[in-house]
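We did not get these values from a lab; they are worked out from the coordinates using the rules stated. Note that the structure is a prediction, hence the values are computed from the model and not measured. Here the Cβ positions follow ideal geometry from the backbone for every residue, glycine too, while neighbour counts run over all protein chains shown.
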Amino acid sequence: MGRQTCALLACGLLLAGTLTSAQRGPAAAALHLDPEVLALACAPAMVYERPMTSLRVTGGQDSAVRVGYAPGDLITINAGTDNGIDVGQEFYVRRVLPNRGQEPSRAAPGVVQTTGWIKVYAVDPKMSLATITHACDTIDVNDYLDPFTLPVVPAQAGREKKPQKENYGRILLGADRRRAFGSGDFFVVDRGSDHGVTPGAQFVIFRDKLKAENFLYELGEAVAVDVRSESSTLKVTLSRDAFLTGDYVAIRK
């Protein structure tokens with residue numbers, strides 16, 4: 001029907017004629033994406049301050065007030081055609097999880113958790129309705145929006161090289177502020193492009209057992225899948241034991 005533009009009250013009346021009282025959105029099409037791409041799109045990142053963004057989830061099309069939403073729900077975002085929003089646009093939905101209730105800072109970085117991504121379904125000048133294309137978690141009121149682009153899984157390289165032990169980094173955190181990780185999990189380390197990390201770089205993870213005259217214990221391996229200037233997101237590729245916050249990481253270089 002072309003661009004679906006209407007005031008949200010009119011949208012509500014239109015939808016009420018065809019949807020149930022919960023006003024469900026159209027079923028999401030099968031994504032047919034590589035599981036590694038989906039996992040990487042949902043992987044955590046780290047921030048030292050809250051992102052400066054005004055686009056947010058403000059609610060949904062329900063008779064009752066709700067906080068969390070899942071695929072099939074229609075959600076409201078606080079921007080419309082006046083802000084350049086149009087039907088069919090897609091956005092990541094994300095939230096910042098502070099460390100122990102503190103505002104993100106260098107002393108206490110926060111976790112950026114991707115809760116999913118959405119597609120704009122109907123717009124008016126000030127607000128829009130969107131459907132949930134994929135959920136990594138529940139999508140909550142006040143989650144913020146980022147432009148959507150599917151990630152590229154980096155090629156792994158350099159596994160034959162020895163770990164650079166004079167440049168140890170540390171494991172910081174993971175999704176939901178997790179502090180323990182196993183095979184296939186994602187976690188963030190305090191090494192990024194400023195330290196020579198590139199996508200696909202291989203890491204060896206070590207633990208210091210804090211015993212005199214003992215070598216570091218080699219826990220396993222991980223690969224850099226998302227690299228920022230001062231931090232990187234790694235994926236566990238080999239685990240002999242759980243990786244913990246504070247364990248050492250050394251890049252193969």
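Computed across the range 165-251, the Kirkwood radius stands at 12.6 Å (inverse of mean 1/r, all Cα pairs). Between Arg170 and Leu33, the modelled label-to-label distance comes to 3.3 nm, taking each label 7 Å out from Cα in the direction of the beta carbon. 3J(HN,Hα) couplings calculated from phi for the range 110-116 with the Karplus curve 6.51 cos²θ - 1.76 cosθ + 1.60 (θ = phi - 60°) are, in sequence order, x, 9, 8, 10, 7, 8, x Hz; Gly and Pro show x.
With only alpha-carbon atoms in the gyration tensor, what are the semi-axes of the equivalent ellipsoid for the chain, in Å, largest first?
Working: eigenvalues 341, 58, 47 Å².
For the chain, the semi-axes come out at 41, 17, 15 Å.
Size descriptors for the range 122-224: radius of gyration and Dmax over Cα atoms are 19.3, 68 Å. Extension gain for the segment Met52 to Ala107, taken as residue separation times 0.36 nm less the Cα-Cα distance, is 17.8 nm to one decimal. The packing ranking of peptides 70-76, 237-243, highest mean first, is 70-76, 237-243, where packing means the average number of other beta carbon atoms within 10 angstrom of each residue.
Length gained on full extension, Arg100 to Asp146: 14.1 nm, using 0.36 nm per residue less the C-alpha separation. A simple rule links phi to the HN-Hα coupling: the Karplus curve 6.51 cos²θ - 1.76 cosθ + 1.60 with θ = phi - 60°, which for the range 91-97 gives 9, 6, 10, 9, 9, 9, 9 Hz, with x for Gly and Pro. Between Lys209 and Asp86, what FRET efficiency follows from the Cβ-Cβ distance if R0 is 45 Å, with the result rounded to 0.05? Efficiency for this residue pair is about 0.20.
Have a look at Leu150, Gln202, Gln164 and report the one farthest towards the positive end of the charge dipole of the range 137-221, computed about the Cα centre with Cβ charges (Lys/Arg +1, Asp/Glu -1). The residue sitting farthest along the positive end of the dipole is Gln164.
How big is the antiparallel share of DSSP beta bridges in the chain, given as a percent to the nearest 5?
Details: 62 of 64 bridges.
Around 95 percent antiparallel, to the nearest 5.
The count of lysine pairs in the chain that are at least 8 places apart or cross chains, and whose C-alpha atoms lie under 21 Å apart, stands at 9. Residues whose amide H lies under 5 Å from that of Cys136, counting only those 5 or more places away or on a different chain, are Gly116, Trp117; hydrogens are built 1.01 Å from N in the peptide plane.
As a check on your grasp of the helix formula, calculate [θ] at 222 nm for the chain: sum -39500 (n - 2.57) over DSSP H runs of n ≥ 4, divide by the residue count, round to the nearest 500. Don't skip to the end; give the middle numbers.
Numbers: 2 runs with 16 residues, N = 253.
Roughly -1500 deg cm²/dmol at 222 nm, from the helical runs in the chain.
Return a whole-number percent for the relative contact order of the chain, with Cα pairs under 8 Å and 6 or more residues apart as the contact set. Across the chain, relative contact order equals 19 percent.
Which Cα, out of Ala130, Ser183, Gly60, lies furthest along the positive dipole direction of the chain (beta carbon charges, K/R +1, D/E -1)? The listed residue farthest towards the positive side: Ser183.
When the Cα positions of Leu33, Tyr248, Leu234 are compared along the charge dipole of the chain, Tyr248 comes out farthest toward the positive end, with charges on each C-beta of Lys, Arg, Asp and Glu.
For the residues Phe203, Phe91, Phe148, a GNM of the chain with alpha-carbon springs under 10 Å puts the largest fluctuation on Phe148.
3J(HN,Hα) couplings calculated from phi for the range 32-49 with the Karplus curve 6.51 cos²θ - 1.76 cosθ + 1.60 (θ = phi - 60°) are, in sequence order, 6, 9, 4, x, 5, 5, 4, 5, 5, 4, 9, 5, x, 9, 10, 9, 9, 8 Hz; Gly and Pro show x.
Only four residue types carry charge here, +1 at the Cβ of Lys and Arg and -1 at the Cβ of Asp and Glu. Report the dipole size of the chain about the Cα centre in Debye, rounded to the nearest 20.
Working: 28 positive and 28 negative charges, 107 e Å.
Approximately 520 debye in magnitude.
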